[in-house]
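Undergrad: One structure, as structure tokens, below. Some questions next.
The values are calculated or read from the model by the stated rules, or taken from the named source; none is laboratory data. Quantities reported herein were computed from a predicted structural model and do not represent experimental measurements. Here the Cβ positions follow ideal geometry from the backbone for every residue, glycine too, while neighbour counts run over all protein chains shown.
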Amino acid sequence: MEGLRKILRDRKPLSNLLKDGKWVGVVVSLLLALFFWFLIVLDSPAGFTKQLRVTLLQPELPGGFVVTDSALYPKKLVVGLHAPGGKLLRFSLRNLFFHPKPFRPEVDTADLRPGGGRLEISAAHLKRQLLRSPSLPKSVKELLPNGYDDLTLSAQSLVLSYEPIQESRAEVLFAGQVDFGESPNLKLTDSVGIIPKVVRLYGPKQKLDSLRNAEDGLFVKTDTAAIKIGNPGHVTLPIALLETKDFRMVPDTVYVSFVTEELMHTSYTSQDIKIHGLDSRHTLRLLPPSVTVTLLATKAGLEDSDYDPMLYVDASRVIGAPTGYRLEVHVGNPPDKSKVEMIQIEPDKLDFILEEKETQSDGK
């Protein structure tokens, strides 16, 4: 190794080559060799293959059919163009900035069975359509000397499963929420109305059957987004239906109708508190003797209501009760939610004074 270094250092071949101008001849020789090699490669009888990646779209099925399974349908199709090197080079330079457009195969109605099934699009059929489509450059026909034989595909066939589209009627269910925002004293006074209540569904029979419940009813739901209502009265708002995969809904939007009223408070004092469970030998005084009753109801409910809560206390455990024992005030007549939303008693527990009745002798 040291001897080789000494030879190169003493003779300095690179310096001599540059000084004598011999490098020009060397470079020209290399370029000529490269040129002739390139010509030989271009004229190779085996030819070359240029590959184009084409985005593959699903075909639009005619005659009211829909695709139900596309697991064997590729998303990309690799198209090979085989031609002599010279023609392929000129073709590539001419289409240097060409990008293949997405390709959607066409399907003839005659290829589909009325009851559905499996559709297979052959490679020969694909090649014929590709050469007529804008997915490949227009000059591709001139490039391929043997036509279809010089066009190769990464898939031997495309396979899809399909079914005829069926129509069914589906009932709409409200799946959203009502948001009263900063007005908590609002109440729905009527059930949620939906217009229209029934929509039409178009899709494959198998998928339609999967939406049916045990009672053979078909239902779709509205969007789950909250609907904000800030003022009392009648409100009608549009709301979209939840997207149902593989189905088309007509219409895809319904109107929901709400009737709301404002809730109001009213309070009054009541001394009408019944005492239950006390034996006849004792009397009981409640402290305080009265309570405040507060009702929350709609304005119309308060005006029309003659509601009596029938307050009472249960005194069956007062005898022998521990110190600090208090009586809870009960509502004997729970309110009807359609008229009274809430009832509150203040205080809801009372102190008491228990007294034993005086007994008189028989002779007095």
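Undergrad: Suppose we filter 168, 157 for residues that are in contact with a strand residue (DSSP E or B) (Cβ under 7 Å, 6 or more places away or on another chain), surrounded by 13 or more Cβ atoms within 10 Å (Cβ to Cβ) and under 23 Å from residue 122 (Cβ atoms); which single one remains? Spell out how you get there, then give the answer.
TA: Numbers: 168 fails: under 23 Å from residue 122 (Cβ atoms).
The conditions single out 157.
Undergrad: Follow-up. Need at least 1 residues that are closer than 30 Å to residue 341 by Cβ and in contact (Cβ under 8 Å) with a residue 60 or more places away in the chain per element, so show me which strands (runs of 3 or more DSSP E) inside region 215-282 make the cut, counting only ones lying wholly within it.
TA: Values: elements: 219-221, 226-228, 233-240, 248-250, 253-270, 274-276.
So the answer is 233-240, 253-270.
Undergrad: Another one. Taking region 153-177 as the region of interest, how many residues are over 27 Å from residue 200 (Cβ atoms) and in a strand (DSSP E or B)?
TA: Within region 153-177, residues that are over 27 Å from residue 200 (Cβ atoms) and in a strand (DSSP E or B) number 4.
Undergrad: Name, by its number, the condition in (1) in a strand (DSSP E or B); (2) over 30 Å from residue 205 (Cα atoms) that does not hold for residue 67.
TA: Failed condition: (2).
Undergrad: Only residues that are surrounded by 13 or more Cβ atoms within 10 Å (Cβ to Cβ) and either assigned by TED's automatic domain parsing to the domain that holds residue 203 or assigned to a strand (DSSP E or B) (or both): list them for region 70-116, please.
TA: Result: 77, 78, 79, 80, 81, 82, 83, 103.
Undergrad: For residues in region 295-320 being of a type in the set (A, V, I, L, M, F, W, C) and touching a Leu at 6+ places or on another chain (Cβ under 8 Å), which is farthest from residue 264 (Cα to Cα)?
TA: It comes out as 319.
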